[in-house]
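These notes are about the structure you will find just below.
The values are calculated or read from the model by the stated rules, or taken from the named source; none is laboratory data. Not measured: the values here are computed from a predicted model. Using ideal geometry, Cβ is built from the backbone for each residue, glycine included, and neighbour counts are taken over all protein chains shown. Heads up: the accessible areas ignore ligands, DNA and RNA and are worked out on the full protein's heavy atoms, side chains in. Shrake-Rupley method; radii C 1.70, N 1.55, O 1.52, S 1.80 Å.
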Amino acid sequence: MTGTTDGPLTGVRVVELAGIGPGPFAAMTLADLGADVVRVDRPGGAGLGIDPAYDLTNRNKRSVLIDLKAEDGPARVLDLVERADILIEGYRPGVAERLGIGPEECHRRNPRLVYGRMTGWGQEGPLADRAGHDIGYIAVSGALSMIGKAEEPPALPANLLGDYAGGALYLVIGVLAALQHARTPDGAGQVVDAAIVDGTAHLTTMIHAMMGAGGWQDRRGANLLDGGSPFYGSYETSDGGYMAVGALEKRFYNEFVELLGLAGEIPDRRDFARWDELRDAVAARFRTRTRREWTAVFAGSDACVAPVLSLREAPGHPHLAARGTFTDHAGLVQPSPAPRFSATPGSVRRPPAHPGAHSAEVARDWGLPDASDPSDPSGAPESPGGVERSGPA
């Protein structure tokens, strides 16, 4: 999915105030879809501790270097804002205002600007000014309580559920919806308050519906989709690998037990009192073969069984390879842009932006005076292919 094709957001200009986590991922998603994203990096970096050449959340972007605490820093940001459609920032509430680049200042320069704010707790509420991380946000929203085995502490889904699903992607939805409104005849810019606690809670809507209807118990490992069911979970194989089973519907379940070689030998799946017995029988059978062998057994079936692959293994899966779900750009294997568009596909066009590398280019394209910082060595062109081979920091 590499190339120079224009995505559906071609022509949309985005200013991203550099941060870490969900804000950069949201801006990357917009850039993948064709938006012209200019990342405002600050001297000294954002504190991620990774070689910028490997920071894939900064792909498809351009970077300028601005010291927001310098006398001319806010004015330089507002010059960009005046020409932008969307701004993304992830500071604690009040920080942008103290820097002179809050919504009020930005909307004076550009009334149609969509001002996207990415935080964990939101712009208001008792915890708004407190520090936090993904684990805390998904904890208080109820999502973390559902993940893992009943007799063990909740399992941690990296930072995918809060930062990216409940945070970054809700910010993308919000700023695009607000942009649509801003572009109507009577529309105007507005502030989008994307809080990870709000987005993560929103993701649990279906579970709340099931709980209200009596079809979900408010405890971990006791429900159809949280590991309580013996035909929806992961099972270890003889070589220490795992197979994921999702044979929920009866016809898929029938095919599953047939291929597993347990048809007629196990309790009826509707006999809840014998679910532990059923689970033990399935687990014992899976331990008789390797992950590769079981993958071959279930290949081409509707049993809803798949091998649990590692991050390094996933790009080699035949289905993902055929779809181009991963791509190799400038020597870095990475997920391709998603979702897909039939007429205006997104693409990986640029390697991760080196801080300050595009100041002159952005000034030319956005009609600004060249605002490059002569004291910053990163204003030099990126290395060939955009990848510095010194390795990750």
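Based on the Cα atoms of region 1-127, what semi-axes does the equivalent ellipsoid have, where each is the square root of 5 times one gyration tensor eigenvalue, given in whole Å with the largest first?
Over the Cα atoms of region 1-127, the ellipsoid semi-axes are 22, 18, 15 Å.
Using Cα pairs under 8 angstrom and six or more residues apart, how large is the relative contact order of region 177-332, in percent?
19
If you average the sequence gap of Cα pairs under 8 Å that are 6 or more apart and divide by the length of region 130-186, what percent do you get for the contact order?
27
Quickly work out the ARG287-to-ALA343 label distance, labels modelled 7 Å from Cα along the C-beta direction, and quote it in nm with one decimal.
5.7
With the crude spin-label approximation of a point 7 Å out along Cα→Cβ, what separation in nm comes out for HIS319 versus ASP239?
2.0
Do me a favour and compute the ellipsoid semi-axes for region 234-338 from its Cα gyration tensor, root of five times each eigenvalue, largest one first, whole Å.
Each semi-axis is the square root of five times an eigenvalue, giving 32, 14, 11 Å.
In region 307-332, whose amide N lies under 12 Å from the spot 7 Å out along Cα-to-Cβ of LEU160? List them in ranges.
Counting only backbone N, you get 308-312, 314.
Mind pulling up the Rg/Rh value for the chain? Radius of gyration and Kirkwood radius, both on Cα.
1.04
What's the carbon and sulfur percent of the chain's accessible surface, probe 1.4 angstrom, rounded to a whole number?
55
If you take the Cα atoms of region 297-352, find Rg, then find the Kirkwood Rh from the mean of 1/r over all pairs, what is Rg/Rh?
Across region 297-352, the Cα-based Rg/Rh ratio is 1.05.
With just the Cα atoms defining each centre, how far is region 107-152 from region 304-364? Give it in Å.
One Cα centre to the other: 27 Å.
Once the other residues with Cβ under 14 Å from the Cβ of ALA195 are scored (Lys, Arg +1; Asp, Glu -1), what is the net sum?
-4
Under a straight-distance cross-link criterion of Cα-Cα below 27 Å, which lysines are reachable from LYS149, leaving out those fewer than 8 residues away in the same chain?
LYS250
Looking at region 141-264, what % of the alpha carbon pairs are farther apart than 23 Å?
52
Once both axes come from the Cα atoms, what is the angle between helix 73-82 and the longest principal axis of the chain, in degrees from 0 to 90, rounded to 10?
70
Cα centroid distance between region 25-42 and region 237-274, in Å?
Taking the Cα centre of each part, region 25-42 and region 237-274 sit 45 Å apart.
Report the FRET efficiency, 1/(1 + (r/R0)^6), for SER145 and ASP6, where r is their Cβ-Cβ distance and R0 is 45 Å, rounded to 0.05.
0.55
Could you tell me the relative contact order of region 79-172? Use alpha-carbon pairs under 8 Å, at least six residues apart, and round to a whole percent.
Relative contact order of region 79-172: 25 percent.
R0 = 22 Å: FRET efficiency of ILE135 with ARG92, Cβ-based, nearest 0.05?
0.75
Pull up the DSSP beta bridges for the chain and report the antiparallel fraction as a percent, rounded to 5.
35
Quick check: the angle from helix 250-260's long axis to the longest principal axis of the chain, C-alpha only, nearest 10 degrees?
With rounding to tens, the tilt is 70 degrees.
Per residue, how many Å² of accessible area does the chain show with a 1.4 Å probe?
Spelled out: the 1.4 Å probe surface of the chain, per residue, equals 50 Å².
Using 7 Å Cα-to-Cβ label points, what is the ASP365/ALA222 separation (nm, one decimal)?
5.5
List the GluC sites (Glu not before Pro) within region 53-93 that fall in a DSSP loop (any state other than H, G, I, E or B) and whose Cβ has at most 11 other Cβ atoms within 10 Å.
In loop regions of region 53-93 (DSSP not H, G, I, E or B), the sparsely surrounded GluC sites (Glu not before Pro) are GLU71.
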